[in-house]
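The values are calculated or read from the model by the stated rules, or taken from the named source; none is laboratory data. Since this is a predicted model, take the numbers as computed values, not measurements. Backbone-built Cβ (ideal geometry, glycine too); neighbour counts: all protein chains shown. Just the protein is used for accessible areas: all its heavy atoms, side chains included, with ligands, DNA and RNA removed. Shrake-Rupley method; radii C 1.70, N 1.55, O 1.52, S 1.80 Å.
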Amino acid sequence: MQLLVSGINHKTAPISIRDQLSQKTAEIKNELKKNLNKNVFKEFFVLSTCNRFEIYLYSEKEAEARNFLKKHIYKLLEKTLKGHFKYKINDLNDYLYQYHDLQAVEHLYRVAAGLDSLVKGEDQILAQIKKQFREYKEENLTASYLNQLCLEAIKVGKMVRTKTKINERAVSISYAAVELARDIFGSLNGEKVMILGAGETAELTLKNLLNYGVEGILVANRTYSNGEKLAAEYGGEVIHWEEFKDRVKEVDIIIASTAAPHTVLHKDDLLDTVEKNHGPMFLIDIALPRDIDQNVEELPGVHLYNLDDLKRVIDKNLNLRENEVTKAEAIIEDEKYNFQRWLRERRCVPLIREMRDDARGIKEKEVKRALHLLQNSELEAAEIIEQLGHRLLNKLLHQPTVGLKELAVENGNTRDDQLEAVKTIFAVGEEE
């Protein structure tokens with residue numbers, strides 16, 4: 001097998017280099033297509049995401065071809081990146097990694113499992129592999145080997161996420177907020193939310209809360225038009241900034257993410273709401289400086305979380321994911337050798353095909369002879385069928401029998417393992 005992967009990722013290269021390769025993906029793909037047509041290699045696949053750019057190649061050439069392929073890809077990427085290195089002394093060696101054969105298999109399995117991601121266990125990479133592999137397969141740029149490799153990698157990615165907890169628990173601000181909200185309310189179905197400000201993180205948090213059943217959205221923003229856009233996108237109601245304190249009694253969750261230089265929500269603003277047996281309130285302050293006065297925590301049933309609290313949740317969950325890495329790596333190790341077994345089986349395919357062609361030729365001749373006899377001979381059908389079976393048996397076993405005798409004669413000390421191999425191939429002595 002001559003499988004090679006050459007690439008860069010978030011651990012080896014800065015974003016400027018990754019961006020440049022990402023922008024040139026189509027150009028690099030076309031260059032590789034030209035070499036595919038020249039029979040330099042048989043199959044290729046490019047995996048390009050915001051965190052990595054990797055080229056997978058499969059060649060049927062001998063081992064010495066590997067060095068040629070490595071140099072070939074190196075020159076192609078170096079040409080693409082010319083003028084984009086930060087310092088003159090930099091070159092591609094500072095960023096590029098290259099793996100071959102079983103190392104390359106293990107690498108793609110780790111990528112698919114999320115072990116090589118910026119956040120361990122994330123799911124996005126698996127969807128990206130599926131999408132980009134489908135594109136290359138449809139263009140016939142991949143064939144038997146890379147098709148099998150990509151399908152197995154996708155299977156391994158799913159298996160790791162099913163058999164371990166590596167993708168469980170929140171590892172982003174927006175998901176951590178949802179996790180805490182579910183701890184407080186249990187189900188979020190029917191809960192109402194108010195969003196103060198219209199920042200990106202607040203919007204992501206709102207989106208995730210809605211995915212878990214939150215209904216009824218009030219949006220308050222100092223710039224009314226920006227609040228209006230956010231409310232329209234998520235089916236909410238926009239209110240004027242001056243109104244929000246009068247409307248807090250209508251909601252169960254408040255997400256605060258303004259750019260105000262001071263706190264905008266205080267203990268006194270919630271007193272009336274709490275005294276009316278409102279039930280639990282969940283306040284998420286993801287602003288810096290903070291939007292919500294810490295003193296609101298003194299009110300019964302009010303749960304306030306800021307960025308530091310959310311960060312602690314994330315750190316704890318990252319540690320839990322880290323503990324699952326060993327389990328994931330054990331799965332990858334097993335599956336890596338399963339792929340190696342598949343590759344070894346593939347080496348027999350041409351021989352199996354040839355054997356089947358020979359056997360098919362014998363069968364067709366004997367069937368033709370039997371049909372002729374059935375139409376033109378006075379022999380009984382049962383006798384003709386008996387002859388057919390006898391002749392097929394002799395002809396199919398003739399050459400293996402001759403070969404086995406020659407093996408014994410030429411090799412006076414025929415090894416037991418050779419005879420055992422023959423017994424295994426022909427299943428001699430095994431029950432049907």
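Before moving on, here are some points about what is shown:
- Test: residue in the range 140-155 that is in a helix (DSSP H, G or I), open to solvent by less than 40 Å² (accessible area, probe 1.4 Å) and charged (D, E, K, R): yes
- Checking each residue in the range 203-213 for being under 14 Å from residue 236 (Cα atoms) and buried (at least 24 other Cβ atoms within 10 Å of the Cβ) picks out 206, 209.
- Tallying residues that are part of a helix (DSSP H, G or I) and surrounded by fewer than 24 Cβ atoms within 10 Å (Cβ to Cβ) within the range 190-202 yields 2.
- Among the numbered conditions (1) part of a helix (DSSP H, G or I); (2) in contact with a Phe, Trp or Tyr (Cβ under 6 Å, 6 or more places away or on another chain), the only one that residue 228 does not meet is (2).
- Taking residues in the range 205-218 that are assigned by the TED database to the domain that holds residue 249, and partners anywhere that are of a type in the set (Lys, Arg) and surrounded by fewer than 17 Cβ atoms within 10 Å (Cβ to Cβ), the pairs with Cβ atoms closer than 7 Å and at least 6 places apart or on different chains are 212/182; 215/192; 216/192; 218/247.
- Residue 177 satisfies every condition listed in (1) surrounded by fewer than 22 Cβ atoms within 10 Å (Cβ to Cβ); (2) in contact (Cβ under 8 Å) with a residue 60 or more places away in the chain except (1).
- Residue list for the range 263-289, restricted to those being open to solvent by 50 Å² or more (accessible area, probe 1.4 Å) and either over 19 Å from residue 243 (Cβ atoms) or among the aromatic types (Phe, Trp, Tyr) (or both): 267, 275, 277, 280, 288, 289
- Of residues in the range 220-262 being among the hydrophobic types (A, V, I, L, M, F, W, C) and farther than 17 Å from residue 293 by Cα, the one surrounded by the fewest Cβ atoms within 10 Å (Cβ to Cβ): 232
- Applying the condition of being open to solvent by less than 50 Å² (accessible area, probe 1.4 Å) and either in a helix (DSSP H, G or I) or modelled with pLDDT under 85 (or both) to the range 92-108 and asking which residue is nearest to residue 14 (Cα to Cα) yields 92.
- Applying a threshold of 8 Å to beta carbon distances and a minimum spacing of six or more residues, or different chains, the list of pairs starting in the range 373-394 at a residue that is within 18 Å of residue 359 (Cβ to Cβ) and of a type in the set (A, V, I, L, M) and ending at one that is in a helix (DSSP H, G or I) and open to solvent by 40 Å² or more (accessible area, probe 1.4 Å) reads 388/367; 388/369; 392/362; 392/363.
- Hits in the range 357-400 - residues which are of a type in the set (Asp, Glu) and either within 25 Å of residue 426 (Cβ to Cβ) or in a helix (DSSP H, G or I) (or both): 357, 358, 364, 366, 383, 386
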